[in-house]
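The values are calculated or read from the model by the stated rules, or taken from the named source; none is laboratory data. The shown structure was predicted, so the numbers you read here are calculated from the model rather than taken from an experiment. Neighbour counts run over all protein chains shown; Cβ positions are idealised from the backbone, glycine included.
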Amino acid sequence: MPQSFPDESGLRAGSSESPSTRITLAIPCLLPYHCPAMTVAFHLQATDGAARAGLLSTPHGDAPTPLFLPVATQGSVKGVSPQELRELGVAMLLGNTYHLYLRPGVERVREMGGLGAFMGWDGPTLTDSGGFQAYSLGSRVKVTEEGILFQSVLDGSRHLFTPERAVEYQEGLDADIAMALDHCLVYTQDREAVERAMERTHRWAQRCREAWRSDSQALFGIVQGGVFPELREQSAAALTRLDFPGYAIGGLAVGESKATMYPLVSHTAALLPPERPRYLMGVGSPEDLVECVLRGVDMFDCALPTRVARNGALFTRQGRVDVTSAALFGGRQGPVEEGCDCYTCRRFSVGYLHHLFRAKELLGLRLASIHNLRFVMRLMEEMRRAVLEGQFQAFAQAFLETYRPANEEERLRQAGMRGAKARVS
Ligand SMILES: [Zn+2]
């Protein structure tokens with residue numbers, strides 16, 4: 001197995017050995033895998049209970065944690081420019097390997113300088129592996145030991161994502177963080193099915209780990225195990241044995257209730273090494289962000305803030321409001337939320353926003369997305385400050401007392417919609 005040694009200069013000094021001799025002199029990697037130079041590093045700065053604040057350093061800059069990644073599925077956060085994202089406080093974006101592979105193609109993105117350069121974003125990026133699409137695209141995929149066979153959402157053509165190819169494609173996209181290919185199931189109580197998918201995820205994680213060669217990209221493993229705590233334990237143990245630079249908690253927010261999800265997040269986060277970042281995939285409602293930072297998660301991504309914004313659902317400290325409601329917002333003065341520092345709230349009344357939605361003006365979608373993203377980014381900033389100041393428990397309690405979540409039925413309906421939405425988003 002070839003190995004990489006970040007700094008061999010000391011070993012080579014004054015040496016005239018052949019390259020093969022040099023390798024035998026170098027300090028061996030303790031794992032039977034390639035050990036790329038760690039260009040992505042995580043520094044844990046403070047904890048408050050299980051909540052954490054840290055700094056994720058990448059080749060494209062630093063990202064403070066807790067961190068929320070807006071979703072740029074096809075190389076764009078719908079309707080919001082990179083400059084606006086910066087102004088909103090966004091530090092890192094997520095791109096979707098499956099969609100970018102289909103269009104414009106990995107090679108095209110590579111030729112254009114990698115995902116960040118291609119989309120005019122000069123900060124860090126993360127790509128998912130395509131594993132989530134096995135869940136979200138449902139009938140359009142077939143999962144075998146070899147990998148995930150997709151039927152293209154564009155033209156029906158067939159494409160096989162193996163663990164090795166998932167790593168190769170993500171290397172081509174050149175994100176700062178890549179994800180191992182995993183087998184993600186929709187929420188089920190079928191323990192045997194979950195166990196089979198989990199064990200496959202472990203075998204795939206090992207294949208990804210062996211295929212990973214990039215020195216400029218970190219590879220994160222994904223813990224599976226569904227709603228079964230003992231499977232989560234097995235999965236965390238199997239993944240951490242492979243020594244990834246970071247770990248994702250996968251297979252949650254796939255249709256289970258919050259009452260089911262939260263204890264599993266606590267349980268799984270506590271099984272992961274404290275010095276590595278923990279990433280809860282696909283979670284991004286304000287109450288979930290607070291509840292899961294409280295349980296030890298560092299990173300999140302979700303299309304929800306921008307997706308619901310485009311439907312006229314805007315976040316406020318009291319919960320989501322529907323700006324399309326004529327009874328509530330027609331002709332109403334004042335911003336969506338008093339005190340919000342976003343461009344939308346500084347410049348426009350909620351009555352005007354209501355009008356834009358009724359008139360189906362594109363500006364309405366943009367202004368709503370800007371507000372919701374700023375709401376989430378400000379929430380992350382406030383949580384980080386609260387952890388650094390040792391005030392997180394009080395902050396979380398105050399937030400959750402005021403914020404009224406969308407009801408469970410609505411949440412599950414949205415989770416159910418994710419598959420259909422993923423096809424067009
Ligand atoms: Zn605002």
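Quick notes
- Elements of type strands (runs of 3 or more DSSP E) in segment 55-127, at least 1 residues being over 14 Å from the mean Cα position of the chain (by Cα): 61-65
- Some residue of segment 371-390 being within 13 Å of the ligand (Cβ to nearest atom), more than 27 Å from the chain's Cα centre (by Cα) and either among the charged types (D, E, K, R) or modelled with pLDDT under 95 (or both): no
- Being touching a residue at least 60 places away in the same chain (Cβ under 8 Å), more than 11 Å from the ligand (Cβ to nearest atom), within 30 Å of H267 (Cα to Cα) and touching a helix residue (DSSP H, G or I) at 6+ places or on another chain (Cβ under 6 Å) is a description that applies to G296.
- Among the residues of segment 345-358, the one identified as near the ligand (Cβ under 8 Å from one of its atoms) and under 15 Å from A313 (Cα atoms) is C345.
- Each residue in segment 322-344 was checked for being more than 12 Å from the ligand (Cβ to nearest atom) and either surrounded by 14 or more Cβ atoms within 10 Å (Cβ to Cβ) or closer than 17 Å to G364 by Cβ (or both), and 9 pass.
- Scan of segment 301-327 for residues that are among the charged types (D, E, K, R) and assigned to a strand (DSSP E or B), ordered by number: D301, R320, D322
- Selection of segment 341-363 for residues being under 25 Å from G89 (Cα atoms) and touching a residue at least 12 places away in the same chain (Cβ under 8 Å) yields D341, C342, Y343, T344, C345, F348, S349, V350, L353, L362.
- Members of segment 211-260 that are under 18 Å from V297 (Cα atoms) and free of Cβ contacts under 8 Å to residues at least 24 places away in the same chain: A259
- The single residue among A406, A327 that is of a type in the set (A, V, I, L, M, F, W, C) and either on the phi > 0 side of the Ramachandran plot or at pLDDT below 95 (or both) turns out to be A406.
- Segment 364-391, subset free of Cβ contacts under 8 Å to residues at least 60 places away in the same chain and not small (G, A, S), residue nearest to F68 (Cα to Cα): E382
- Filtered by the rule that a residue be under 28 Å from D243 (Cβ atoms) and modelled with pLDDT under 95, segment 253-281 gives A253, V254.
- Some residue of segment 82-94 being without any contact (Cβ under 8 Å) to a residue 12 or more places away in the chain and surrounded by fewer than 24 Cβ atoms within 10 Å (Cβ to Cβ): yes
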